[in-house]
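Here the structure is laid out as structure tokens; the discussion comes afterwards.
Computed from the coordinates by the stated procedures, all read-outs in this text should not be read as laboratory data. Because the structure is a prediction, the values reported are computed rather than measured. Please note: Cβ atoms are built from the backbone with ideal geometry, for glycine as well, and neighbour counts cover all protein chains shown.
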Amino acid sequence: MLSLSAAEYTAIYLSLKVSVVATLLSLPPGFAMAYILTYRQFRGKIALDVLVNLPLTLPPVVIGYLLLLGLGKNGFIGQHILQPLGISLIFTWKAAVIATAVVGFPLMVRSIRIGMETIDQRLIQASRTLGAGWFDSMLTVILPLSVRGVLAGSALMFARGLGEFGATIIVAGNIPGVTQTIPLAIYEYAASPGSESMAISLCIVSVTLSLVVLILHEVINKKLTRRS
């Protein structure tokens, strides 16, 4: 039986909270971006594709620092948009959500896009022939047939969010009870002599949560396969 302190339970709660919120916020734009990259042809599409996937190749610390520059008090967004509205994001759990969303967004878009690319184009053409507009075709054909991709993208992003460290520690800091997630707590314990047992406990929790997410994804995916 794991022995966890109140601070560790808070870190677990914050990790789940940040991952869930980041996944839910990224889902609509992720689906829209996957749709654009799959079904639309326009000049600059390659550049947009590269930009969407750029966070996959950048070190998370770089992403966090760029977010810090943009959202900070002296940054363009922070100075001209957030401050006039009285909004402060840096070193809050909301900043951790933004960092997690940016880092995991390409995984979601890729998964949804793969799901869309497997759709038989004749089904979409048939819906158009029957008088459905692009929005109706998206709701009645593309969206239902992309459920597996949406599910996979959400699961990947959620699991990625549970392990996010580099971008989060830069833009949100490592404040116990405020922004300290599981990876940040493990980092702190690993750097503190005599805290190995607490670090191991959180490692076990992290592995368990990831396994639960992956197992649920596989179970739901199999059910969807049987129905189809």
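Observations on the model:
- 136, 120 arranged by Cβ crowding within 10 Å, fewest neighbours leading: 120, 136
- Sorted fewest first by neighbouring Cβ atoms within 10 angstrom, 93, 134 come out as 134, 93.
- The gain in end-to-end length when the residue 223 to residue 87 segment is fully stretched comes to 44.6 nm, 0.36 nm per residue minus the alpha carbon separation.
- Taking the three principal axes of the alpha carbon atoms in the stretch 6-227, the coordinate ranges are 67, 46, 29 Å, sorted in descending order.
- Straight Cα distances below 16 angstrom link residue 73 to the lysines 94, with same-chain residues fewer than 8 positions distant left out.
- Taking Cα atoms only, the orientation of helix 147-162 departs from the longest principal axis of the chain by about 10 degrees.
- Sites residue 7 and residue 61, calculated FRET efficiency, Cβ-Cβ separation with R0 22 Å, nearest 0.05: 0.35
- Length gained when the stretch residue 143-residue 47 is fully extended (0.36 nm per residue, less Cα-Cα span): 32.0 nm
- Between the stretch 50-95 and the stretch 184-201, the alpha-carbon center distance in angstrom: 28 Å
- Cα long-axis angle, helix 196-227 against the chain (0 to 90 degrees, to the nearest 10): 10 degrees
- Those aspartates and glutamates that a straight Cα-Cα span of less than 18 Å connects to residue 45, excepting residues fewer than 8 apart in one chain: 117
- Theoretical FRET efficiency, 1/(1+(r/R0)^6), r = Cβ-Cβ of residue 54 and residue 76, R0 22 Å, to 0.05: 0.70
- Cα long-axis angle, helix 60-71 against the chain (0 to 90 degrees, to the nearest 10): 90 degrees
- Neighbour counts of C-beta atoms inside 10 Å place 165, 135 in the sequence 135, 165, starting with the fewest.
- Based on the Kirkwood approach, the hydrodynamic radius assigned to the stretch 118-166 is 12.5 Å, with every pair of different Cα atoms included.
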